[in-house]
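These notes concern the structure reproduced below.
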Amino acid sequence: MRFTVLGSVGAVVNDHFTAIAGTQQRILLATLLLRAGRLVQSEQLYTELWGDNPPDGVSNALQAHVSRLRRTLRRLGDEGPQPAPSLNIHASGYILDLCPDRVDINVFRDRIARARVAMVDAPLRARSLLDSALSLWQGDPLHDVSSSPMCRSVSLELDEEYLAALECKYELGLRCNEPHSVISELRRMSVTHPWRERLTELLMLALYRCGRQADAMEAYNAARARLVDELGIEPSPQLKRLFRDILNQEPSLNPSPQPINLAS
């Protein structure tokens, strides 16, 4: 049995995804999954489930939700080769006794970390790890538990991690001397995320390395026009410097073996 939060909150048993019925049941499971193997205080669960308006007898209400989730997990466990994780009560809260690598968010982050290690000496291996990490995404993370403060916060963190991983994937494509392979994706992502100047930088560099200097300069001009017209600001010094380097055909723009910082 595996669990998903990179999309809908649910369980995967025998390669079959099962959604968790009921918003509060999904929030309870998601909160426990995000802290898999660690104690979640009852007070935090009250906040995640009911916000600032907990019901009368909130402790009993939480226990009822926990009992219902236990039954759901046992039923799912009966359908697969692995037993369901136990949901244990402690003096101050609950622990879902689950190995972190059975939750897709932890697998995603582990593969990203391994890609970071591989990037200096094994860029192809790093790109493979990034591809396998990104393939875990099945939609907007935690989108069906957005009323939970913690889930909403983690979702925003994951969005940033996803975009940073994509940027590194494109950068690795350039390092592997495959600029043609990333241009179309970079164009699409630049439209979807117009304020991420890193995407514009990578697009400009990919175009330049494909012998399309004029297109690279046009990409800069289009990005600058958006920034000036809609935000009233100029591009960053880094983006301006890249534009000047492309204009001057600086040798430093040629493929380089320098390591990439995945966290950037």
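Bridge orientation summary for the chain: considering DSSP beta bridges with both residues in this region, about 95 percent are antiparallel. Rounded to the nearest angstrom and listed largest first, the equivalent-ellipsoid semi-axes of the range 105-169 from its Cα gyration tensor are 25, 10, 9. Can you find, among ALA214, PRO85, SER42, the residue sitting farthest towards the positive end of the charge dipole of the chain, where Lys and Arg contribute +1 and Asp and Glu -1 at Cβ? Toward the positive end, the furthest listed residue is PRO85. Hull volume per residue, based on the alpha-carbon atoms of the chain and their convex hull, is 146 Å³.
Quick one: net charge around GLN82, please, counting Lys, Arg +1 and Asp, Glu -1 for every other residue with C-beta under 11 Å from its C-beta. Taking every other residue near GLN82 into account, the sum is 0. Shape summary of the range 15-72, radius of gyration then Dmax from alpha carbon positions: 11.7, 40 Å. Note on LEU136/ASP78: beta-carbon distance plugged into 1/(1 + (r/R0)^6) with R0 of 25 Å gives a FRET efficiency of 0.45.
Axis angle, to the nearest 10 degrees, between helix 237-247 and the longest C-alpha principal axis of the chain: 40 degrees. Dividing the summed -39500 (n - 2.57) terms of all DSSP H runs of n ≥ 4 by the residue count of the chain sets its mean residue ellipticity at 222 nm at -18000 deg cm²/dmol. Ranking HIS193, HIS180, HIS143, HIS16 from most to least accessible surface, computed with a 1.4 Å probe over the protein chains only, gives HIS180, HIS16, HIS143, HIS193.
Using a simple spin-label model with pseudo-atoms 7 Å out from Cα toward Cβ, ARG152 and ALA113 lie 2.9 nm apart.
Relative to the longest principal axis of the Cα atoms of the chain, the long axis of helix 58-78 makes an angle of roughly 80 degrees.
In terms of overall dimensions, the C-alpha atoms belonging to the range 1-126 reach 59, 33, 25 Å along their principal axes, ordered largest to smallest.
Using only Cα atoms and rounding to the nearest 10 degrees, what angle (0 to 90) does helix 123-134 make with the longest principal axis of the chain? Value to nearest ten degrees: 40.
For the range 53-98, the convex hull drawn through the C-alpha positions has a volume of 77 cubic angstrom per residue.
Across the range 151-164, rounded Karplus estimates of 3J(HN,Hα) from the backbone phi angles (6.51 cos²θ - 1.76 cosθ + 1.60, θ = phi - 60°) give 5, 5, 5, 5, 4, 5, 4, 5, 4, 5, 5, 5, 5, 4 Hz, Gly and Pro being marked x. The local environment of LEU28, defined by Cβ-Cβ distances under 11 Å, has a net charge of +2 under the rule Lys, Arg +1 and Asp, Glu -1. Subtracting the Cα-Cα distance of GLU178 and ASP97 from 0.36 nm times their residue separation leaves 24.7 nm of extension gain.
The values are calculated or read from the model by the stated rules, or taken from the named source; none is laboratory data. Remember, it's a predicted structure, so these values are computed and weren't measured experimentally. Glycine also receives a Cβ, built like all others from the backbone with ideal geometry; neighbour counts cover every protein chain displayed. Each accessible area value is taken on the protein alone, full model and side chains, heavy atoms only, with ligands, DNA and RNA left out. Shrake-Rupley method; radii C 1.70, N 1.55, O 1.52, S 1.80 Å.
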